[in-house]
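The values are calculated or read from the model by the stated rules, or taken from the named source; none is laboratory data. Quick caveat: nothing in here was measured; it's all calculated off a predicted structure. Cβ coordinates were reconstructed from backbone atoms using ideal geometry, including for glycine residues, and neighbour counts include every protein chain displayed.
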Amino acid sequence: MHMMGRWMTLSRHGYRLVRTRLAAGAGYAWKRDTLHLPISLELGIEPWAIYDPAGQRVDLRPQTTSRAPTLFDVTLRIDPAYEIRVSGPILRAIRVGPVVMLGSGHAWGDGSDTLVLHAVQPSGVTREISRLGGMELEIGVGATLWFARDK
């Protein structure tokens, strides 16, 4: 069982998309000596917002809703890692390895799996800022610090 939070941002055409994801998951972790292979399934909720070049929050909601829909997702997470044991007074180990997450997100209240966000430039040109939801693949690096106290 675990809880997870993620904050990420993407800038395109002067606009900035900010996504904040909170998730809870459960799964199984195989461990042999210093090798770990946790596999889990997560349920997540992800509010998002867009900011204009001046840093002001912009309402770029789809035309079919009265507000920007929150994304809900189900994600499979695999994060194999190598554990480096430390003999410190508090820090006991550092676990480092890749993180691979495959998820399927849905924009609640919009009726579609994928949201396409556009911005209209002063010249009248419409530009795509981002797509949210649908299938998403995330690949990264994870590090975990294990702490313990002597009794």
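Rundown of residues vs (1) at pLDDT 95 or above; (2) more than 28 Å from G134 (Cβ to Cβ), yes/no style:
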{"residue": "A29", "(1), (2)": "no, yes"}
{"residue": "D33", "(1), (2)": "no, yes"}
{"residue": "L41", "(1), (2)": "yes, no"}
{"residue": "G44", "(1), (2)": "no, no"}
{"residue": "W48", "(1), (2)": "no, no"}
{"residue": "A54", "(1), (2)": "no, yes"}
{"residue": "D59", "(1), (2)": "no, no"}
{"residue": "P62", "(1), (2)": "no, no"}
{"residue": "S66", "(1), (2)": "no, no"}
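Looking at G27, G14, which is the one that is under 21 Å from E83 (Cα atoms), of a type in the set (G, A, S), in contact (Cβ under 8 Å) with a residue 12 or more places away in the chain and out of contact with any Gly (no Cβ under 9 Å at 6 or more places or on another chain)?
Result of the check over G27, G14: G27.
Hey, can you tell me all the residues within segment 43-60 that are part of a strand (DSSP E or B) and touching a residue at least 40 places away in the same chain (Cβ under 8 Å)?
G44, E46, W48, I50, V58
Starting from residues that are modelled with pLDDT of 85 or more and either assigned to a loop (DSSP other than H, G, I, E, B) or in contact with a Pro (Cβ under 6 Å, 6 or more places away or on another chain) (or both), keep the ones in segment 68-86 and report whichever is farthest from T20 (Cα to Cα).
V86
Going residue by residue through segment 112-125, is there one that turns out to be closer than 19 Å to G140 by Cβ, in contact with a Lys or Arg (Cβ under 7 Å, 6 or more places away or on another chain), at pLDDT below 95 and not basic (K, R)?
no
Could you tell me whether segment 91-109 includes any residue that is surrounded by fewer than 17 Cβ atoms within 10 Å (Cβ to Cβ), modelled with pLDDT under 85 and either out of contact with any Gly (no Cβ under 8 Å at 6 or more places or on another chain) or closer than 30 Å to W146 by Cβ (or both)?
Checked against the condition, which is being surrounded by fewer than 17 Cβ atoms within 10 Å (Cβ to Cβ), modelled with pLDDT under 85 and either out of contact with any Gly (no Cβ under 8 Å at 6 or more places or on another chain) or closer than 30 Å to W146 by Cβ (or both), segment 91-109 yields at least one hit.
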